[in-house]
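> Next up is a structure, given as C-alpha cells.
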Amino acid sequence: MHRPFIFMLAILFCFASVAQQKTPPTHPTRAEKPADKNPPIPQFSTRLPSEDTVNAFLQQMFGYDPTVTWKIVEIKPSQAEGLSEVLVQLSNAQGKQSSRLYVTSDGQHALIGEIIPFGTRPFTAARDALAKGGNGVPLGPADAPVIIFEFSDLQCPYCKQAQPTIDKLLGEEKNARLVFQQFPLPSHNWSLKGAYYADCVGRKSNEAFWKFLHGAFDSQAEITPENADEKLTALADQAGSKGKEISQCAASPETAGRVQHSIQLGSSVDVTGTPTLFINGRKIANVTNLPYDVLKGLVEFASKQKD
C-alpha cells in the first residue's frame, strides 16, 4: 500500500483508540441541569458524496501507484451532524486495510479518524442497544453490574491472540459477565460458516460453546473453506455436542438469521473489526494492544458507576 497515506491512517486510528482507552477514568463534571440518562441518537439529513466522487478522490490519492486498488464498501450519513461516513478498503500485494473517512456537508473536506460518543453519559446508548439486541452466549453471573459484549470472528488471528486475556479477565472479575457475539468478517473465507456452527453449539450447551471456541481458535491454521464442515463438525463433537446435529443446524435459515442479526447489532454500534469489546457500552477496539491492567481497571471502574 501507499506508505505515507496508509501509515498516516494507521497512526491516526491508533492514536484515537489509545486516547480513548488509556486516558485515566475520571468522574464527569456535574452539569447545572441533569442530562437525559438515555438521549436518543439524532439522525440528520446529509448530502452524501456519490460513488463517482469518492472514486475520483481515491484516484487522485492513489492513481500514481498501479499496485494499489480500492473498493467502496459503504457511503452513509454519519451519526454526527453534517458529516457523511465513507468506508473504503485499500489493497495491494501486502494485504488489505479498511479506512473510514468523514466528509463535510460541502463536499470539500474529509476527516480521518474515529467519531466517539460525547456527553455526561457517553456509553449509555450503546449499552442499552446491546442489552436489547444481544443474542450471544453468556458467561458469568446474570446479575453482574458489568456486562462485556465481545464481537469476535473464529478465523481472526487477533481474536485468538486476545481470547486468553479475556478469559483471564473473566476469571478474576466476578462483577463481570461476558456475552459473545458472532461478527464474521467478509475478508475471511470460512468465518461465516464458523459463526453458524458456533451459534448452534452455543444454543445447545453453554459449556460446549467455550470448548468449541477455543478448539476453533487452536485449529485456525488447519481449517480451510474446503474442509470447514468436516473440521467444525469434529470440533463440535470434541466439545461435547453432537457434531452431525450441529452441522444440520448450521445450514438452517434460522441460524443464518441469528448470525446476521449479530452482525447488524455490531454494525449499529460501530464495530468495524474484531475483536471489539464493549464494557457497559464503552467501546474497546484495540484489545490486543491494551495493557491488561488498563482493561481490568476499566471493568472495575464500570462496576462502581451508578445509573
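The values are calculated or read from the model by the stated rules, or taken from the named source; none is laboratory data. Predicted model, so just to flag it, every value in this text is computed and none were measured. Note: ideal-geometry Cβ built from the backbone for every residue, glycine included; neighbour counts use all protein chains shown.
> Listed residues ARG203, ARG177; which is touching a Gly at 6+ places or on another chain (Cβ under 6 Å), charged (D, E, K, R) and in the same structural domain as ASP229 (by TED's automatic domain parsing)? Break it down stepwise before answering.
Working: ARG203 fails: touching a Gly at 6+ places or on another chain (Cβ under 6 Å).
The match here is ARG177.
> Farther than 20 Å from PHE151 by Cβ and part of a helix (DSSP H, G or I): is that true of GLN305 in this structure?
When the stated conditions are applied, GLN305 does not pass them.
> Go through (1) in contact with a helix residue (DSSP H, G or I) (Cβ under 9 Å, 6 or more places away or on another chain); (2) at pLDDT below 90 and name the single condition GLU81 misses.
(1)
> Scan the stretch 178-198 for residues that are surrounded by fewer than 23 Cβ atoms within 10 Å (Cβ to Cβ), part of a loop (DSSP other than H, G, I, E, B) and either in contact (Cβ under 8 Å) with a residue 60 or more places away in the chain or within 14 Å of the chain's Cα centre (by Cα) (or both) and jot them down.
Across the stretch 178-198, the qualifying residues are LEU185, PRO186, SER187.
> Out of THR288, THR255, report the one residue that is within 20 Å of SER152 (Cα to Cα), modelled with pLDDT of 95 or more and assigned to a helix (DSSP H, G or I). Please lay out each step first, then the result.
On the way: THR288 fails: modelled with pLDDT of 95 or more.
Answer to the selection: THR255.
> Moving on to the next point. Quick test of your reading of the structure: PRO141 fulfils all but one of (1) surrounded by 15 or more Cβ atoms within 10 Å (Cβ to Cβ); (2) in a loop (DSSP other than H, G, I, E, B). Name the failing condition by number.
The number of the failed condition is (1).
> Any idea how many residues of the stretch 50-69 are under 20 Å from HIS109 (Cα atoms) and either not in a loop (DSSP other than H, G, I, E, B) or not polar (S, T, N, Q) (or both)?
Counting residues in the stretch 50-69 that are under 20 Å from HIS109 (Cα atoms) and either not in a loop (DSSP other than H, G, I, E, B) or not polar (S, T, N, Q) (or both) gives 13.
> Here are LEU298, LEU277, LEU265: which of them is more than 19 Å from SER152 (Cα to Cα), in contact (Cβ under 8 Å) with a residue 40 or more places away in the chain and surrounded by 13 or more Cβ atoms within 10 Å (Cβ to Cβ)? Please lay out each step first, then the result.
Details: LEU277 fails: more than 19 Å from SER152 (Cα to Cα); LEU265 fails: more than 19 Å from SER152 (Cα to Cα).
After applying the criteria, what remains is LEU298.
> If you go through the stretch 122-135 one residue at a time, do you hit one that is of a type in the set (Val, Ile, Thr) and touching a Lys or Arg at 6+ places or on another chain (Cβ under 9 Å)? Working first, answer last.
Kept after step one, since they are of a type in the set (Val, Ile, Thr), are these residues of the stretch 122-135: 124.
Filter once more, keeping what is touching a Lys or Arg at 6+ places or on another chain (Cβ under 9 Å): 124.
Looking through the stretch 122-135, at least one residue is of a type in the set (Val, Ile, Thr) and touching a Lys or Arg at 6+ places or on another chain (Cβ under 9 Å).
> Can you find a residue that is part of a loop (DSSP other than H, G, I, E, B), assigned by TED's automatic domain parsing to the domain that holds GLY63 and either at pLDDT 95 or above or over 16 Å from the mean Cα position of the chain (by Cα) (or both) anywhere in the stretch 90-102? First the steps, then the outcome.
From the stretch 90-102, those part of a loop (DSSP other than H, G, I, E, B) are 93-94; that's our starting set.
Checking the rest, the ones that are also assigned by TED's automatic domain parsing to the domain that holds GLY63 come to 93-94.
Still in the list and also either at pLDDT 95 or above or over 16 Å from the mean Cα position of the chain (by Cα) (or both): 93-94.
Yes, the stretch 90-102 contains a residue that is part of a loop (DSSP other than H, G, I, E, B), assigned by TED's automatic domain parsing to the domain that holds GLY63 and either at pLDDT 95 or above or over 16 Å from the mean Cα position of the chain (by Cα) (or both).
> Take the stretch 258-285 and flag every residue that is of a type in the set (Val, Ile, Thr) and not in a helix (DSSP H, G or I).
VAL269, VAL271, THR272, THR274, THR276, ILE279, ILE284
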